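Participant: Structure provided below as structure tokens; questions to follow.
The values are calculated or read from the model by the stated rules, or taken from the named source; none is laboratory data. Model, not experiment: these values are computed from the prediction. Ideal geometry is used to build each Cβ from the backbone, glycine not excepted, and the neighbour counts take in all protein chains shown.
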Amino acid sequence: MYSFDPTEEQQMLIDAVGKFANNDLRPAAHEAEENRELPKTLVNKGWELGLVQASIPENYGGFGERSAVTGVLALEEMAFGDLAGTLAVLTPSLFATPILLAGSEEQKKEYLPKVVDGEWSPYTSALIEYAFDFDPNDLRTVARLQNDEYILTGEKAFVPFAKDAEAILVYANLDGQTQGFIVPKDAPGLSITDEREKLMSLNAFPMYRVKLDNVKVPSMNHLGGTSGHDFAPILAAMRVANAALAVGVANAAFDYSQNYAKEREVFGVKVAQKQAIAFMLAEMRTEIEAIRLLTWEAAWKLDNNKEDAFTDAYLASTGAADMAMMVTDRAVQILGGHGYIREHPVEMWMRNGRGFAMFTGLAVV
């Protein structure tokens with residue numbers, strides 16, 4: 001059995017991330033969303049916490065070992081401050097973690113030190129496709145082997161920091177299997193839209209469309225080398241990350257709306273004393289805790305190579321998407337007319353909550 005007590009190192013990390021989330025991310029979130037830009041100093045400060053570096057072994061330039069449990073604890077805590085800022089800080093892990101999980105020894109030695117050494121650098125990945133029936137296990141972007149290189153064709157959506165990325169880990173359909181390919185920024189046939197994605201939320205988080213027109217990459221850039229890799233552990237790590245982020249955002253909305261309800265008076269009675277509101281808050285808290293435990297369990301199973309870890313990761317992600325939408329919507333309701341005003345963060349959290357059904361691929365643990 002596993003323990004619910006974080007280790008001393010995990011608690012130190014939670015405390016450091018929590019301080020950053022509350023003192024730096026939360027105060028900057030509203031202005032960043034309105035101005036569609038995160039301060040670079042903010043991203044660098046988050047990077048200096050060393051979340052990604054601590055998951056990379058020393059022989060690859062880091063100073064720790066990967067733990068999905070530690071990852072979800074950190075993501076949940078940071079997303080409590082701001083989702084866009086969290087995704088920005090951790091974008092390089094979209095490139096580094098899959099290489100750590102599935103890359104060849106040569107790929108690990110070549111790329112991981114570049115990502116974790118020094119300041120934050122825009123390495124990213126491209127999984128999501130702009131399709132109603134998007135399925136990460138049945139991609140429309142295709143790869144075919146020709147001589148000693150792969151030819152990639154297709155279009156990707158919502159690619160973080162693609163415009164400035166040093167390299168992009170592109171996922172494509174190779175003979176019916178989802179496989180990753182490391183594409184350098186100057187690859188012929190690779191084009192990135194000038195205009196950023198326009199979404200309901202995450203306006204401070206720059207994402208772009210990426211087109212691949214017969215992009216050639218050498219066989220050595222196939223993730224895992226010539227033999228390829230199993231995509232399931234990578235997808236599971238993405239789903240668990242998505243669930244952890246949803247828990248963090250939902251918890252922020254619950255905390256804010258609960259405090260508001262305790263302080264706000266209507267006809268001489270605190271809003272929180274209204275039975276309907278009290279029941280609403282209780283159900284919000286229950287759903288958050290249920291998904292939090294499912295997410296922690298899925299992460300623990302990933303760390304311990306349990307057979308049903310991938311199933312639990314899927315359940316955590318889908319359950320978290322529904323939970324986040326319910327909790328953030330009710331937070332807006334609890335604030336009444338104030339919930340619809342942009343000066344209060346609950347409306348932004350509700351917009352964020354709506355997106356978790358499609359956010360898988362924007363973070364990984």
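Residue by residue, here is whether (1) more than 15 Å from Val217 (Cβ to Cβ); (2) under 17 Å from the mean Cα position of the chain (by Cα) holds:
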| position | (1), (2) |
| --- | --- |
| Lys114 | yes, no |
| Glu129 | yes, yes |
| Asp138 | yes, no |
| Leu145 | no, no |
| Asp148 | no, no |
| Thr153 | no, no |
| Pro160 | yes, yes |
| Lys163 | yes, no |
| Ala167 | no, no |
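Every residue, every condition in (1) over 20 Å from the mean Cα position of the chain (by Cα); (2) part of a helix (DSSP H, G or I), yes or no:
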position	(1), (2)
Ile291	no, yes
Ala298	no, yes
Leu315	no, yes
Asp322	no, yes
Asp329	yes, yes
Gly339	yes, yes
Arg342	yes, no
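Participant: Something else: Test Thr360 against the stated conditions and say whether it is touching a helix residue (DSSP H, G or I) at 6+ places or on another chain (Cβ under 6 Å), among the β-branched types (Val, Ile, Thr) and farther than 17 Å from Phe80 by Cβ.
Facilitator: Judged against the criteria, Thr360 is a match.
Participant: Looking for something within 25 Å of Pro113 (Cα to Cα), buried (at least 20 other Cβ atoms within 10 Å of the Cβ) and small (Gly, Ala, Ser) - is there at least one such residue anywhere in the range 182-199?
Facilitator: Checked against the condition, which is being within 25 Å of Pro113 (Cα to Cα), buried (at least 20 other Cβ atoms within 10 Å of the Cβ) and small (Gly, Ala, Ser), the range 182-199 yields no hits at all.
Participant: Would you check if there is a residue in the range 208-220 being modelled with pLDDT of 95 or more, under 27 Å from the mean Cα position of the chain (by Cα) and among the polar types (S, T, N, Q)?
Facilitator: no
Participant: (1) in contact with a Ser or Thr (Cβ under 9 Å, 6 or more places away or on another chain); (2) closer than 27 Å to Leu100 by Cβ; (3) not hydroxyl-bearing (Ser, Thr, Tyr): which one isn't true of Asp213, the others all being true?
Facilitator: (2)
Participant: Among Leu335, Leu294, which is of a type outside the set (Lys, Arg), under 30 Å from Thr70 (Cβ atoms) and not assigned by TED's automatic domain parsing to the domain that holds Gly71?
Facilitator: Leu294 is the lone residue from the list that is of a type outside the set (Lys, Arg), under 30 Å from Thr70 (Cβ atoms) and not assigned by TED's automatic domain parsing to the domain that holds Gly71.
Each row is one residue, and each column tells you yes or no for (1) touching a residue at least 12 places away in the same chain (Cβ under 8 Å); (2) more than 20 Å from Ala237 (Cβ to Cβ); (3) in contact with a Gly (Cβ under 7 Å, 6 or more places away or on another chain).
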| residue | (1), (2), (3) |
| --- | --- |
| Asn23 | no, yes, no |
| Glu31 | no, yes, no |
| Glu37 | yes, yes, no |
| Val43 | yes, yes, no |
| Glu48 | no, yes, no |
| Gly62 | yes, no, no |
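Participant: Restricting to the range 263-289, name every residue that is surrounded by 12 or more Cβ atoms within 10 Å (Cβ to Cβ) and assigned to a loop (DSSP other than H, G, I, E, B).
Facilitator: Answer for the range 263-289, where residues must be surrounded by 12 or more Cβ atoms within 10 Å (Cβ to Cβ) and assigned to a loop (DSSP other than H, G, I, E, B): Arg264, Lys274.
Participant: I'm told Leu152 meets every condition in (1) on the phi > 0 side of the Ramachandran plot; (2) surrounded by 22 or more Cβ atoms within 10 Å (Cβ to Cβ); (3) touching a strand residue (DSSP E or B) at 6+ places or on another chain (Cβ under 8 Å) except one. Can you identify the failing condition by its number?
Facilitator: (1)
Participant: Looking at Arg209, Arg239, Arg264 in this structure, which one is farther than 29 Å from Glu343 by Cβ and not assigned by TED's automatic domain parsing to the domain that holds Val170?
Facilitator: Going through Arg209, Arg239, Arg264 in turn, the sole match is Arg239.
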